[in-house]
Amino acid sequence: KERLLEVKDLKTYFPVEGGIFKKTTNYVKAVDGVSFDVFKGETLGLVGESGCGKSTTGRTIMRLIEATAGKVIFDGKDIFSLSKKEMLKTRREMQMIFQDPFSSLNPRKMVKEIIGAAFEIHMPRMTKKEREQEVARLLEIVGLNPDYTTRYPHEFSGGQRQRIGIARSLALNPKLIIADEPVSALDVSIQSQVLNLLNKLQKDFSLTYIFIAHDLSVVRHLSDRVGVMYLGKLVELADGDKLYAQPLHPYTKALLSAIPIPEVGVKRERIILKGDVPSPLNPPNGCRFHTRCPYCKSICKEKEPLFKEVSPNHYVSCHLIDN
Ligand code: SF4
Ligand code: MG
């Protein structure tokens with residue numbers, strides 16, 4: 001398998017002004033040392049509760065947010081060392097689909113302008129007519145009427161708007177698409193249609209996806225591998241089949257036990273987590289999950305478990321599995 005993306009010890013901290021008397025700066029450690037690879041043609045699901053850093057991870061990879069530390073190698077290129085000009089070129093090859101199709105499309109622009117903007121920036125020699133033809137073709141690809149190029153976002157339903165967002169992401173023939181909760185804002189009845197579309201497009205255009213979701217059931221059928229994040233860290237990463245059948249990390253087990261439909265023949269213990277996710281401004285010492293973990297031992301409060309490969313392609317960070 002060929003790597004398209006390597007994320008190495010990525011950290012994204014956001015400064016927060018300190019107390020009234022001291023000018024200290026605290027940091028929200030939104031992403032705090034995350035490493036993973038993404039292989040060509042696969043879908044990597046990234047799952048966790050809100051605030052776990054999954055969206056920030058996606059945005060940092062895209063350089064929509066500056067990283068604090070770490071490396072991202074995309075198609076052999078060290079993304080953080082690229083000049084603005086080189087990054088603009090690379091940006092064509094990595095695109096993002098956003099969660100909210102209502103706020104991610106400019107309400108004052110026609111569909112042909114929304115989707116065509118990418119051509120204006122990256123293919124300035126294209127004529128207006130050629131742009132419009134391209135936009136119509138893209139609309140057709142995502143299952144919309146190609147005659148809708150002069151319509152405005154408010155003339156579409158939520159599902160249709162997300163299709164416009166998808167068409168926009170496809171405009172420049174990307175290699176990687178980071179989809180940040182692309183169906184979370186949609187009606188359940190529409191969700192599977194959009195997921196099926198994403199699945200089809202992946203095959204038709206040999207796309208690689210990072211699919212971000214807060215719920216393991218959403219990424220179940222789309223993801224080849226799944227990573228679970230908690231408080232800025234990856235806690236488990238494995239092939240989808242393995243993760244759903246034999247989760248190792250207590251947090252993954254808890255998330256899975258909350259999904260109503262279990263795997264056939266797999267008995268899951270129901271794990272109910274106590275409390276809320278602690279603040280990323282002041283994450284717990286040791287294992288960050290220890291304040292909510294039903295299996296917490298004394299070592300968990302002191303020592304941070306390493307993210308280790310415990311069986312081929314199955315990574316987990318937990319003291320229970322370390323030994
Ligand atoms: Fe629970 Fe300890 Fe494992 Fe953390 S390291 S998940 S607290 S058992
Ligand atoms: Mg998010």
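Kindly state, as a whole number, the per residue volume in cubic angstrom of the convex hull around the alpha carbon atoms of segment 1-138. Before the final figure, lay out the partial values.
Numbers: hull volume 24.0 nm³, N = 138.
Convex hull of Cα atoms, per residue: 174 Å³.
What are the lysines whose alpha-carbon lies under 23 Å from the alpha-carbon of Lys128, with same-chain residues fewer than 8 places away excluded?
Straight-distance partners of Lys128: Lys89, Lys109, Lys112.
What are the membrane-span-like helices in the chain by this rule: whole DSSP H runs, Cα extent along the axis at least 27 Å, mean Kyte-Doolittle hydropathy at least 0.0? List each step's numbers first, then the result.
Details: long enough: none.
What comes out of the filter, once short or polar helices are dropped, is none.
Sticking to Cα atoms, compute the Rg of the chain to one decimal and its Dmax as the biggest Cα-Cα distance, whole number, in Å.
Over the chain's Cα set, Rg and Dmax evaluate to 20.9, 68 Å.
Let's see if you can work this out: charge +1 on each Lys and Arg Cβ, -1 on each Asp and Glu Cβ, no other charges. What is the dipole magnitude of the chain about its Cα centre, in debye to the nearest 20?
On the way: 48 positive and 38 negative charges, 115 e Å.
Here the size comes out at about 560 debye.
May I ask you to derive the relative contact order of segment 109-171, considering only C-alpha pairs under 8 Å and at least 6 residues apart, and to give it as an integer percent?
Once normalised by length, the contact order is 45 percent.
Of the peptides 142-150, 93-101, how do they stack up when ordered by the mean number of other Cβ atoms within 10 Å, highest first? List each step's numbers first, then the result.
Numbers: 142-150: 16.2, 93-101: 21.4.
The most tightly packed comes first, giving 93-101, 142-150.
Highest GNM mean-square fluctuation, the chain, Cα pairs closer than 10 Å: which of Pro174, Pro107, Pro305?
Highest fluctuation of the listed residues: Pro107.
Give the Rg/Rh ratio for segment 109-171, taking Rg as the radius of gyration of the Cα atoms and Rh as the Kirkwood radius, to two decimals.
Numbers: Rg = 10.6 Å, Rh = 11.3 Å.
Rg/Rh for segment 109-171 comes to 0.94.
Would you look at the GNM of the chain, springs on alpha carbons closer than 10 Å, and say which of Thr90, Thr57, Thr12 moves the most?
The residue with the greatest mean-square fluctuation here is Thr90.
What share of the DSSP beta bridges in the chain is antiparallel, in percent to the nearest 5?
Approximately 60 percent, going by the DSSP bridge assignments.
Among Gly227, Gly53, Gly159, which one moves the most in a GNM of the chain with springs linking Cα atoms closer than 10 Å?
Maximum among the listed residues: Gly159.
For segment 191-323, what number results from the quotient of the Cα radius of gyration and 2.2 N^0.38 Å?
Numbers: Rg = 16.0 Å, N = 133, 2.2 N^0.38 = 14.1 Å.
For segment 191-323, the normalised Cα radius of gyration is 1.13.
Readers should treat all values here as calculations from the given coordinates under stated rules, not as data from a laboratory. No experiment lies behind these values; they were computed from the predicted model shown. Heads up, the Cβs are rebuilt from the backbone with ideal geometry, glycines too, and the neighbour counts pull from every protein chain shown.
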